[in-house]
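Enquirer: Pasting a structure below so you can have a look.
The values are calculated or read from the model by the stated rules, or taken from the named source; none is laboratory data. Every value quoted in this text rests on a predicted model; they were computed, and no experiment measured them. Here the Cβ is made from the backbone with ideal geometry for all residues, glycine too, and neighbour counts use every protein chain on show.
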Amino acid sequence: MTTPMRRQYLRIKKEYPEAIVFFRLGDFYETFDEDAKIVAQVCDIVLTSRPVGKKQRVPLAGVPYHAAEGYIAKLIQAGHKVAIVEQVGEVPAKGIVDRAVARVVTPGTVVEPTLLDERRNNYLAAIVVEERRAGLAYADITTGEFAATEWRGAEVHRRVLEELARLAPAEVVTADPQFLEQQRLPGSLLEGLAVTELEGWPFELETARQTLRDHFAVARLEGFGLGGRPLATRAAGGLLHYLAETQRTRLGQLTALHTYSTEQFMALDAATRRNLELTESLRRGTVQGSLLGVLDATVTSMGGRLLRRWINQPLLDVEQIDRRLDAVQAFFDDTPARTRLRALLKKIADLERLTGRVAQRIARPRDLLGIRHSLETLPDILEAVAAPAAQAKALAELTTLDRCRQVAELIRQALVDDPPATLSAGGVIRPGFSAELDNIAAASREAKAWVANLEKTERARTGIKNLKVGYNKVFGYYLEVTKANADRVPPEYIRKQTLVNAERYITPELKEYESLILNAQERIADLEGRIYSQVVEQVAAAAERLLAVARALARLDVYAALAETALMHRYVRPALSEDGELHIIAGRHPVVEVTQREEPFVPNDTHFSDEERILVITGPNMSGKCVTGDTLVFTDAGLVPIASLQPGPMDDDTFAPFACQVKGLDGRDRATHFYRGGRSRTVRIRTRLGYEIEGTPDHRLWVRSESGQEGWKSLADIEAGDYVAIEREIDLWGQQEAIETPQAAGLRRRKSLKLYSLPSRLSPDLAYVMGLLIGDGTLRERNALILTSGDDFISQEFSRIMRELFGYQVRHTVKYRYSVSSRQIRLFFEELGMGYVTSIDKSVPPPILRAPKPVVAAFLQGLFDADAHASARGNVCLSTSSATLARQVHTLLLNFGIVSSLQAKKGVRSANPNYNLCIYGAEVLRFYREIGFRLPRKQAGRERVSSLAEQRYFYDPVTEISEGQAEVFDLSVAGSHAFVANGFVNHNSTYLRQVALVVLMAQIGSFVPADEAHIGLVDRIFTRIGAQDEISAGQSTFMVEMVETANLLNHATPRSLLVLDEVGRGTSTYDGISIAWAVVEHIHNHPHLRCRTLFATHYHELTQLADLLPRVRNYNVAVAEEKDRVVFLRHIVPGGADRSYGIHVAQLAGLPRPVIRRAQEILEELEQEARAPGSTRRTIEVRQLPLFRTSDPVLEELRRLDVSAMSPLEAITKLYELQQKAAG
């Protein structure tokens, strides 16, 4: 037999089987059964149990209602939905209170500000897909945006995927999820997409129409543009039905639905968005390092979201683009107006989302205050825009905005200036707004004053000097008189309670005032709630007007931000036209020029015309080398030895797929493969400040010569006195906070073993204690930890943290010694990497190396508090007898941007050396800012260095060079092909991307990074840049390359821009040359293509195409030859590369000299043969290894092929057949 509450829970759970039910019980949300197990695991909370009947218990996990948002966020991020069950109605005298689902929180319906990214929309999308028709609708319920579109034809599936890639919705609802499931390839934009399957009936046309008509209270839908768009109607109706089912509140923020056509915007497929890094970088998956990261100088959340939408939807209408450019130009030319506007916009709250909360009737008092303050700033904003508005039509339209004065005035009159965070706290309504509320409050105050004065008046009236007025929960207010004075009690007193020495009385008048006092607060809370709801209703009635203001302010913010960015980075206004021309003078990559610090960016020109449609760009190919296994590499998993990154057992001289983020030359990069080189000869260098690295002789570092020239140099060529680059602003941290200590946690309580609570997360306080123990702790004891310190502050902090985290009271038995005598706690720290070692073997615990920045900083605080000192000159020095610890800290400080000196000194009392790590001069400023001391007397040293200036770059001279042998390893890094290890910078499709980005920036209405730009409108940008193996999806690198190439060949138009990098490199040389050649010919000759194309290749044979095809031009990467060496200048110049520099690259890479000499001999022989009288060049002739014999039947078959009539897939298939025949 179960309890009534259990039956109530089971009834609700049956209605929401796919959601985790948060069941409100008092001050907690409780979860039961399997839900409880999931919550306990995901949210890292205790799993207990609860009785629900006779001898029946079920799993239970609960969270406090006031902290529920954080736990809900974790569950949503883990892919779950949460049904929130609240108490409804009054608590009955008998039985249980009624409960109902208030709302269901899903990824696409989150409204809590703490769960949202304020600078990006949280879209919910709905799709209806048929064979040749498709409809899509999307909404952001936090901003009121609601739109729908429809496609027809053979390409509808591709269009749906492209639009989903643009929107990046948090959730998609559909009646047929199979279409999306087929697209979930690893690494694709749909891989982590949350898909919710609904029944089919909400998407039926008549049902969808009725849903929309009911919501908007209209009889027809043609006014929303849905006439003749049945699938868009079905998608919009299904989406609205899902919102109504999950939200259970009004959807007043969805005040309108607009339809749109994707033909209005530039088409960008998922691969292009990824390759161009529009809104997130390939290396880190963050905004930093993307185009958005460079352009986003907006100062409001609304502006940030709008700019993201603009970048994802470049325009195709020259007039619209010029309207935007005019607005940007107006702010570009008027710095005072732009500066004032941006200062005012900083005062604007997120009016869009606040209005959404009001429309849903979930706004809190401070939300209304944010709306009021924003509206009160509006007149000043419009005044600041007045002058620029005269120059730009887009700005002039904004000056006629509805200022919503009545809304601001209503909020000002109704709410106090500084309301509490929640309505339940009381004191929200301003005195004077409600006479009824004022009267109740005044009566309550008067009643309290009467009771407060009662004791004095009654003593005077009765003559009983020791009469008292008291209160308890049983009798309420009473008058207490001692029995000695009982005969003086007035007759109107009513005896209520007899005590040993006194009597307690009440009077009718006292009870009347008591009633006023006790009931007033409840009446005030009830009335405040009703008044507040009325205010919210009135503000919600103006939601459409408020959203119009919000969207206008967002546009202003974006215009001003683009002008600010243009001035900051020297951008120019592009000229847009409908022709097919494209001319960029001194174009630059907007992201690389900002992130590249080591050398100036080299600008390049680009020209396309009717006579120049395809630019074939030839250039060099480079590769990287190896370092020893103990080399510390900065990764997103923390600071780790490179050998520990090996993904599994490997043979020597082999690669294995691998993925992690590393610090590269131009920021963060993604490593894609791990290389195990085996045992090899090595070179170790050491710098003046003690930085060391050991690698193969051909491993290269970034070096500055005495003349100031910078570049790569192999370890074998580095000499004492060379200055090597030390990367100081790494800022790449691990994210591991969860810790597992199964042995300590698994100990069982027994008489001789007391158990304590153990932390499950690596907090800054725990890290600080670890730092203290590494610095001044004794770790050799099996059953104890001992900290030796003469500082009261350190002993108090140590004791506090041990008490709060473990529940352990630290013992202080010997002067300056503080002990933790617990086998369990000692085992806990052992499992964190703090073994039973002496001081010379101490090291940074592995969890610290993998931890986030605040945790690492706290550890270093503890270590420096224990073992460092601040000198009279302000320098900070750490002393340790452990070489490993010293080198780890030396490198770890670089992640904070702190350069330090590490030197070994002869030990005074020991034969072992002592290691002094010192931070000097301006570096101390960074230390105090990023880490500092927790110990007050040491932190006071900051005052001595406040006047020093910081330096950004650092080069350290090489002082020692030695040779050895060791196991070596390497990482294959996309992008810059460089990574930071031990602090050293260790060893370009940039031009291709920069052209595409300049075009895209122009078509969103932004100025561009160039000296001059004329952009003929581009309807689509397609990119084929780089390749990532998708083994888990059954696709090889070459297959991915061919799929992307086929996509652009099948869907490009004469107005498109194609960016292709190394097409054909994923297969054999001859296949690759053939495919690349055929692709260029197809683009050039096909009447529906002939589009502007950048084609980068290392196949120098393709330069022959310029002689055969009239609209092909050759360009190459300029080089400067210095005797037997070359310098690549990164400048693109006309003409094909007259020779391959592969042998020079091989020389740079350290190939043995006999191999280099022999390669040069062979090359000279082949070149002489090519220049011999009578020799002719064939269409595709690879002279080094002849591909065809003149009488070969395979050649004859190839000559008979009509290549221009073949599809790419047919061409690949035929080439494969010919290859098999040629092989015999």
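Enquirer: Would you mind stating whether residue 29 is among the hydroxyl-bearing types (Ser, Thr, Tyr), assigned to a helix (DSSP H, G or I) and either crowded, with 19+ Cβ neighbours inside 10 Å or in contact with a strand residue (DSSP E or B) (Cβ under 8 Å, 6 or more places away or on another chain) (or both)?
Expert: Values: among the hydroxyl-bearing types (Ser, Thr, Tyr): yes; assigned to a helix (DSSP H, G or I): no; either crowded, with 19+ Cβ neighbours inside 10 Å or in contact with a strand residue (DSSP E or B) (Cβ under 8 Å, 6 or more places away or on another chain) (or both): yes.
No.
Enquirer: Kindly indicate whether any position in the stretch 555-576 is surrounded by fewer than 16 Cβ atoms within 10 Å (Cβ to Cβ) and polar (S, T, N, Q).
Expert: The answer is no, given that none of the residues of the stretch 555-576 is surrounded by fewer than 16 Cβ atoms within 10 Å (Cβ to Cβ) and polar (S, T, N, Q).
Enquirer: Scan the stretch 1-26 for residues that are part of a helix (DSSP H, G or I), within 15 Å of residue 97 (Cβ to Cβ) and basic (Lys, Arg) and jot them down.
Expert: Initially, the stretch 1-26 is screened for residues part of a helix (DSSP H, G or I), giving 4-15.
Then drop every residue that is not within 15 Å of residue 97 (Cβ to Cβ), which leaves 4-9, 11-12.
Within the stretch 1-26, 6, 7, 11 qualify.
Enquirer: Could you tell me whether residue 71 is over 18 Å from residue 4 (Cα atoms), in contact with a helix residue (DSSP H, G or I) (Cβ under 9 Å, 6 or more places away or on another chain) and not assigned by TED's automatic domain parsing to the domain that holds residue 169?
Expert: Taking the combined requirement at face value, the residue satisfies it.
Enquirer: Report, by residue number, each residue of the stretch 1028-1075 that is at pLDDT below 80, crowded, with 22+ Cβ neighbours inside 10 Å and small (Gly, Ala, Ser).
Expert: Within the stretch 1028-1075, 1064 is the sole residue that qualifies.
Enquirer: Can you tell me which of 503, 522, 492, 512 is in a loop (DSSP other than H, G, I, E, B), farther than 30 Å from residue 407 by Cβ and modelled with pLDDT under 95?
Expert: That would be 492, the only listed residue that is in a loop (DSSP other than H, G, I, E, B), farther than 30 Å from residue 407 by Cβ and modelled with pLDDT under 95.
Enquirer: Does residue 247 satisfy the condition of being in contact with a strand residue (DSSP E or B) (Cβ under 6 Å, 6 or more places away or on another chain), of a type outside the set (Ser, Thr, Tyr) and surrounded by fewer than 20 Cβ atoms within 10 Å (Cβ to Cβ)?
Expert: Answer is yes for this residue.
Enquirer: Further, regarding this structure: For the stretch 387-409, what are the residues that are part of a helix (DSSP H, G or I) and in contact with a helix residue (DSSP H, G or I) (Cβ under 7 Å, 6 or more places away or on another chain)?
Expert: Those that are part of a helix (DSSP H, G or I) and in contact with a helix residue (DSSP H, G or I) (Cβ under 7 Å, 6 or more places away or on another chain): 387, 388, 389, 393, 394, 395, 396, 398, 399, 407, 408.
Enquirer: Here is a follow-up. Can you name every residue in the stretch 413-459 that is among the basic types (Lys, Arg) and crowded, with 16+ Cβ neighbours inside 10 Å? Talk me through it step by step, then tell me what you get.
Expert: Taking the stretch 413-459 first, the residues among the basic types (Lys, Arg) are 430, 445, 448, 456, 459.
Answer for the stretch 413-459, where residues must be among the basic types (Lys, Arg) and crowded, with 16+ Cβ neighbours inside 10 Å: just 430.
Enquirer: A further question follows. State whether the residues of the stretch 39-48 include one that is buried (at least 19 other Cβ atoms within 10 Å of the Cβ) and part of a strand (DSSP E or B).
Expert: The answer is no; no qualifying residue exists.
Enquirer: For residues that are of a type in the set (A, V, I, L, M) and under 38 Å from the mean Cα position of the chain (by Cα), tally how many sit in the stretch 762-813.
Expert: The number of residues fulfilling the criteria is 12.
Enquirer: Count, please, the residues in the stretch 557-576 that happen to be more than 18 Å from residue 315 (Cβ to Cβ) and assigned to a strand (DSSP E or B).
Expert: So the answer is 1.
Enquirer: Look at the stretch 297-316 and say how many of its residues are out of contact with any Ser or Thr (no Cβ under 9 Å at 6 or more places or on another chain), assigned to a helix (DSSP H, G or I) and surrounded by fewer than 22 Cβ atoms within 10 Å (Cβ to Cβ).
Expert: The number of residues fulfilling the criteria is 1.
Enquirer: Please count how many residues of the stretch 346-366 are within 18 Å of residue 422 (Cβ to Cβ), part of a loop (DSSP other than H, G, I, E, B) and of a type in the set (Val, Ile, Thr).
Expert: 1
Enquirer: What are the residues in the stretch 868-892 that are in a helix (DSSP H, G or I) and surrounded by fewer than 20 Cβ atoms within 10 Å (Cβ to Cβ), if any?
Expert: 883, 884, 888, listed by residue number.
Enquirer: Out of all the residues in the stretch 535-545, is one or more of a type in the set (S, T, N, Q) and assigned to a helix (DSSP H, G or I)? Break it down into steps so the answer makes sense when it comes.
Expert: Pass one, the stretch 535-545, residues of a type in the set (S, T, N, Q): 538.
This time we only want the ones that are assigned to a helix (DSSP H, G or I), so: 538.
Yes, the conditions are met somewhere in the stretch 535-545.
Enquirer: Turning to a different aspect of this structure: Exactly one condition in (1) over 22 Å from residue 642 (Cβ atoms); (2) of a type in the set (A, V, I, L, M); (3) outside any loop (DSSP other than H, G, I, E, B); (4) touching a Leu at 6+ places or on another chain (Cβ under 9 Å) is false for residue 848; which is it?
Expert: Tallying (1) over 22 Å from residue 642 (Cβ atoms); (2) of a type in the set (A, V, I, L, M); (3) outside any loop (DSSP other than H, G, I, E, B); (4) touching a Leu at 6+ places or on another chain (Cβ under 9 Å), residue 848 fails exactly one: (1).
Enquirer: Starting from the stretch 181-204, keep only residues that are more than 21 Å from residue 78 (Cβ to Cβ), then list their pairs with residues that are among the basic types (Lys, Arg) and modelled with pLDDT of 70 or more whose Cβ atoms are within a distance under 7 Å, requiring at least 6 positions of separation or different chains.
Expert: Close Cβ pairs (under 7 Å, with a partner that is among the basic types (Lys, Arg) and modelled with pLDDT of 70 or more) amount to 203/234.
Enquirer: Kindly evaluate residue 319 against the criterion of being surrounded by fewer than 20 Cβ atoms within 10 Å (Cβ to Cβ) and over 17 Å from residue 560 (Cβ atoms).
Expert: yes
Enquirer: Would you kindly identify the helices (runs of 4 or more DSSP H) lying entirely within the stretch 187-278 that contain at least 2 residues that are of a type in the set (Asp, Glu)?
Expert: 205-216
Enquirer: When the stretch 256-314 is examined, which residues are found to be among the polar types (S, T, N, Q) and under 25 Å from residue 147 (Cα atoms)?
Expert: Scanning the stretch 256-314 gives 259, 261, 262, 264, 272, 279, 298, 300, 301, 312, 313.
Enquirer: So, one more: When the residues of the stretch 1103-1120 are narrowed to those that are at pLDDT below 90 and polar (S, T, N, Q), which ends up farthest from residue 604 (Cα to Cα)?
Expert: 1104
Enquirer: Of everything in the stretch 355-393, what is more than 20 Å from residue 557 (Cβ to Cβ), buried (at least 22 other Cβ atoms within 10 Å of the Cβ) and among the β-branched types (Val, Ile, Thr)? Give them in sequence order.
Expert: Residue satisfying the conditions is 358 alone.
Enquirer: While we're here: Here are the criteria: (1) touching a Phe, Trp or Tyr at 6+ places or on another chain (Cβ under 9 Å); (2) surrounded by 15 or more Cβ atoms within 10 Å (Cβ to Cβ). Tell me which single one residue 464 does not satisfy.
Expert: The number of the failed condition is (1).
Enquirer: Also, quick follow-up: So, in the stretch 137-162, of the ones that are part of a helix (DSSP H, G or I) and touching a strand residue (DSSP E or B) at 6+ places or on another chain (Cβ under 6 Å), which residue ends up surrounded by the most Cβ atoms within 10 Å (Cβ to Cβ)?
Expert: Checking each candidate, the answer is 160.
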